[in-house]
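Here the structure comes first, spelled out in C-alpha cells, and everything after it is commentary.
Values quoted throughout were computed directly from the atomic coordinates according to the rules given, and no laboratory measurement underlies them. Note that the structure is a prediction, hence the values are computed from the model and not measured.
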Amino acid sequence: MQLLRQTLEFLPFYFLRHGETDWNRIGLVQGQVNMPLNGTGLAQARAARQVLADQGIGTICTSPLDRARLTADIIAAGLHVPVREIDNLKECNFGAREGHPKGAWYDAWRQGETPLGAERFVHFMERALDGINEALRNPGPVLIVAHGGIYWAIERFAGIARRDRIPNGVPLFHAPPPKPLLPWHRQRIGAFVAA
C-alpha cells in the first residue's frame, strides 16, 4: 500500500459522527447512500447541541450527505454559527458493498483490495485529509460533522489509537501534541444518547 505523506493541520478541533440512521442500527455499510437520521439520530444531534453549547465553536464544517448535514443543522440552530459543506468530508464510496454488512471484504479493502465500483482506500484517506484540513482553515474552533470513515483518517494522521467504531452523535475534542510526531489528545465531551 502506498504511504501517505500529507499531515493534519496542527489546530485543535471537535469531531462528531452524524446521528444514527436505520442502517447504522442494523449494521449495514452506508458509504455515500443518502440515509436520513432516525429518531435516535435526531435525539443524538439535539443532545450534542446541548453539550457543545459552551465550547465556543466558531464554524461547523459538514459532509453534504443528508445524515451529516441534518446533524450539523440541528447543532448550528442552537449555537448560531455558520455551517459550511465540504464535499471531501463525504463518506467513502464503497461501490457494490453499500447496503451490505461489513465482512472480510472490508479488511481486504483497507489492505488495498478495492470492491467493484468502490473508492480505493489510499485515495479515500487522501481525500478525507484534504477535507479535514480545508475544514480546519475556517474560523475556529471548528466542529467537523462527518462519518466514521472520515474519523479513520483523523485517527491515522493524528496518531491516535484506532477504535473499532466511533459512536454516532458523540462529540470528541482533539488537541495537537506539544511536539510533532507525538499522538494527539482525544477527549469525549459530555454524555451521549445510546443507540
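Ignoring everything except DSSP H segments at least 4 long, calculate the 222 nm mean residue ellipticity for the chain; use -39,500 (n - 2.57) per segment, divide by total residues, nearest 500.
Details: 6 runs with 67 residues, N = 195.
The helix contribution divided over the chain gives -10500 deg cm²/dmol.
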Fill in: Alpha carbon centroid spacing (whole Å) that separates segment 99-121 from segment 35-54
29 Å
Discussion item. Please compute the Kirkwood hydrodynamic radius over segment 126-195, one decimal place, Å, based on all pairs of different Cα atoms.
Written reply: 13.1 Å
Worksheet item: Which of Arg46, Arg165, Arg156 moves the most in a Gaussian network model of the chain with Cα springs under 10 Å?
Response: Arg165
Worksheet item: Which entry in [x] 0.96; [y] 1.30; [z] 1.05 matches Cα Rg over 2.2 N^0.38 Å derived from the coordinates of this structure?
Response: [x]
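Among DSSP beta bridges whose residues both lie in segment 45-195, state the antiparallel percentage, nearest 5.
Values: 4 of 11 bridges.
Taking every DSSP beta bridge with both residues in segment 45-195, the antiparallel ones total about 35 percent.
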